[in-house]
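Notes to accompany the following structure.
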Amino acid sequence: MATSSTDAHQPPKLLEQVVGRIRVKHYSIRTEKAYVDWIKRYILFHNKSHSNTMSKAHVEAFLTHLAVDGNVSSSTQNQAKSAILFLYKEVLDMELAWLDNVT
């Protein structure tokens, strides 16, 4: 199947960028899969909003949802937090203020 010339100039999709950055940093395949899963869940939780339009409050709402509604352990919540922070810091090149309003 041939692709048009405009397809060749499309930037990689967000999750492709995440995978690429994880591989550049030589993270394990298990970490890659976990981070991609958490980032997908984060985006879906916010109705597929683009990450660069979301704020600290969006991150806090998702992590609080995991703890309160999802009843996840603190270590699971920390893994989700690490994945989201990776997305913002390493992929989107954005710093998030300290997440102090997370349950």
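Here, each number is a calculation from the coordinates, and none is a lab measurement. Everything numeric in this text was worked out from a predicted model, so none of it was measured. Counting neighbours? That spans all protein chains shown, and the Cβs are built from the backbone with ideal geometry, glycine included.
When the Cα atoms of the stretch 13-91 are enclosed in a convex hull and the volume is divided per residue, what value in Å³ results?
Details: hull volume 6.5 nm³, N = 79.
Taking the convex hull of the Cα positions in the stretch 13-91, it is 82 Å³ per residue.
If you keep only loop residues by DSSP, which GluC sites (Glu not before Pro) in the stretch 19-103 have at most 12 other Cβ atoms within 10 Å of their Cβ? Intermediate values should be presented prior to the final figure.
Working: sites: Glu32, Glu60, Glu90, Glu95; in loops: Glu95.
When the GluC sites (Glu not before Pro) of the stretch 19-103 are filtered for loop state and at most 12 Cβ neighbours within 10 Å, Glu95 remain.
When a footprinting reagent is the concern and you count Cβ atoms within 10 Å, what order do His58, His26, His50 take, fewest first? Don't jump to the answer; show the numbers that get you there.
Values: His58 17, His26 7, His50 10.
So the ranking, lowest neighbour count to highest, is His26, His50, His58.
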Report task. Sticking with the crude label model, points 7 Å out along Cα→Cβ, report the distance from Ala57 to Leu15 in nm, one decimal please. Result -> 2.8 nm
Report summary line: Taking R0 as 25 Å and r as the Cβ-Cβ distance between Leu92 and Arg30, the FRET efficiency 1/(1 + (r/R0)^6), rounded to the nearest 0.05, comes to 0.60
